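Here's the structure, in structure tokens; my notes come after.
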Amino acid sequence: MNEIRALFPGVQGQVYLDVALRGLVPTPVAEAAQAHLRERVMGSGDKADFQGHVERARSRLASLLGASADEVAVTKNVSEGLNLFASSLPWERGDNVVICPEVEHPNNVFLWYNLRATRGIEVRAVPPTGGTIDVGSILEAIDRRTRVVTVPHVSFSPGFRTDVRAVSDGARARGALVLVDAAQSVGAIRTDVEDLGVDALAVATQKALLSLYGLGFLYVRREVAEALRPSHVARYGMDLGTESGETARSDGALPYAAGARRFDLGNFNYLGARAAATALDLLHEIGIGRVEEHVRGLAARLAEGLLRLGLPVVGGPPGQHLAHIVAVGRAGEGHHDTVDDPALADLYRHLTDGGVRLSVRKGVLRMSIGVYNDASDVDHVVELARQWVSSR
Ligand SMILES: Cc1ncc(COP(=O)(O)O)c(C=O)c1O
């Protein structure tokens with residue numbers, strides 16, 4: 001992995017443990033973005049080329065998910081993907097969604113309460129257990145009016161993996177669809193939509209997909225997508241055959257594009273797509289299996305090192321729950337970006353003063369490992385934590 005690390009200038013002079021906020025951008029991705037900007041500055045390049053990068057990003061992302069390109073729409077972020085899917089479902093008043101809001105990022109919470117206000121749906125909020133999704137409680141909350149169950153693949157705080165397969169098996173048996181917020185998992189750990197058994201999944205490219213803000217993807221299983229009328233439409237979501245998208249149709253026909261492509265709208269974030277396509281090429285070369293092994297191995301090393309110092313690592317010793325995020329503190333305390341415990345706030349200051357870049361999320365210090373990190377990063381953090389513990 002040393003040759004991979006060399007592609008990330010951001011690993012120099014700091015210990016960057018914040019992929020869960022946004023990932024470091026590697027040099028080839030920055031160069032791809034600059035190439036796009038150069039074309040815009042010089043007035044060269046054309047739309048067909050720009051679209052080519054969008055299609056390259058879409059198909060690379062699809063293969064990372066084990067999906068086909070037609071099952072992936074191009075969006076601008078996770079929230080847009082979640083909203084497009086949720087608002088396109090044929091809700092009837094009294095239908096419900098099952099969700100664990102305390103573990104969800106706010107971007108997968110507001111939309112459901114909005115659908116409650118606008119479409120009369122019921123939001124069935126299930127509590128977590130020890131900071132994690134309790135699959136049993138989720139399944140128990142499903143009834144015949146449940147249209148959707150939504151869970152994060154890896155939560156933003158405390159960063160645990162959800163047993164998505166168990167949720168999907170249970171939901172399917174009860175006739176509900178499963179929508180996954182995969183903001184934190186895609187690009188870090190294997191996220192195969194067939195293995196997970198999900199119907200829809202949203203992701204954006206600024207975290208473990210190592211590229212820019214403002215581009216995301218929405219996966220929707222083909223049969224599910226093709227049974228839906230999108231809540232938002234524009235020319236790129238229509239199958240116009242040989243007709244140019246510039247030619248408006250006035251006959252009222254709505255030739256929705258195949259699969260999830262019907263959720264594509266107007267012009268794409270071509271800058272973001274070119275960057276993401278390059279990052280996805282890089283991840284493809286490395287192989288997601290290797291990435292996962294690397295980031296989970298380092299996360300386990302970090303969790304064990306901090307536990308040896310007696311620090312409250314959420315979830316305890318590394319186990320099935322652990323992905324690439326290690327949280328210290330008490331899950332669920334504090335606000336979105338604060339901790340209640342003054343000692344933890346002090347540890348946060350000590351780490352940041354020591355050159356560590358990490359986040360505070362919902363009462364925990366969140367450290368997240370990227371493909372560019374190595375054992376020296378982890379050992380540096382454990383040593384800083386050791387100094388802090390012994391100074392108290
Ligand atoms: C689980 C999760 N969902 C969603 C988001 C963000 O959503 P969006 O890309 O729409 O800003 C984040 C982090 O920023 C996240 O961690």
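Could you please let me know if Thr191 is among the polar types (S, T, N, Q), at pLDDT 95 or above, more than 16 Å from the ligand (Cβ to nearest atom) and closer than 21 Å to Ala225 by Cα?
no
Check Lys47 against each of (1) buried (at least 21 other Cβ atoms within 10 Å of the Cβ); (2) among the basic types (Lys, Arg); (3) free of Cβ contacts under 8 Å to residues at least 12 places away in the same chain and name the one condition it does not meet.
(1)
Looking only at region 198-217, how many residues end up being farther than 14 Å from Gln184 by Cα and in contact with a Leu (Cβ under 6 Å, 6 or more places away or on another chain)?
Number of matching residues: 2.
Quick test of your reading of the structure: Asp49 fulfils all but one of (1) more than 16 Å from the ligand (Cβ to nearest atom); (2) under 21 Å from Gln206 (Cβ atoms); (3) among the acidic types (Asp, Glu). Name the failing condition by number.
(2)
Only residues that are buried (at least 24 other Cβ atoms within 10 Å of the Cβ) and more than 16 Å from His324 (Cβ to Cβ): list them for region 200-219, please.
Ala200, Leu201, Ala202, Ala204, Thr205, Ser211, Leu215, Gly216, Phe217, Leu218, Tyr219, listed by residue number.
Is it the case that region 65-76 has a residue that's in the same structural domain as Ile189 (by TED's automatic domain parsing) and within 13 Å of the ligand (Cβ to nearest atom)?
Yes.
Of these, Ala57, Ala6, Ala86, which one is among the small types (Gly, Ala, Ser) and in contact with a Lys or Arg (Cβ under 9 Å, 6 or more places away or on another chain)?
Exactly one residue qualifies, and that residue is Ala57.
Can we say Arg262 is of a type in the set (D, E, K, R) and under 26 Å from Phe85 (Cβ atoms)? Step through it out loud before you land on a result.
Numbers: of a type in the set (D, E, K, R): yes; under 26 Å from Phe85 (Cβ atoms): yes.
Against the criterion (of a type in the set (D, E, K, R) and under 26 Å from Phe85 (Cβ atoms)), Arg262 qualifies.
Under the condition of being in contact with a helix residue (DSSP H, G or I) (Cβ under 9 Å, 6 or more places away or on another chain) and of a type in the set (Asp, Glu), which residue from region 2-45 is farthest from the ligand (Cβ to nearest atom)?
Per the criteria, the residue is Glu39.
For region 145-158, indicate whether the set of residues that are closer than 29 Å to Val328 by Cβ, outside the structural domain of Val313 (by TED's automatic domain parsing), part of a helix (DSSP H, G or I) and out of contact with any Pro (no Cβ under 6 Å at 6 or more places or on another chain) is non-empty. Before the answer, list the steps.
We begin by selecting, within region 145-158, every residue closer than 29 Å to Val328 by Cβ; these are 150-158.
Next, from what is left, pick out any that are outside the structural domain of Val313 (by TED's automatic domain parsing): 150-158.
If we keep only those that are part of a helix (DSSP H, G or I) as well, we get none.
No, there is no match, as no residue in region 145-158 is closer than 29 Å to Val328 by Cβ, outside the structural domain of Val313 (by TED's automatic domain parsing), part of a helix (DSSP H, G or I) and out of contact with any Pro (no Cβ under 6 Å at 6 or more places or on another chain).
The values are calculated or read from the model by the stated rules, or taken from the named source; none is laboratory data. Note that the structure is predicted; figures quoted are calculated from it, not measured. Because the Cβ atoms are built from the backbone with ideal geometry, glycine has one as well, and the counts that use them run over all protein chains shown.
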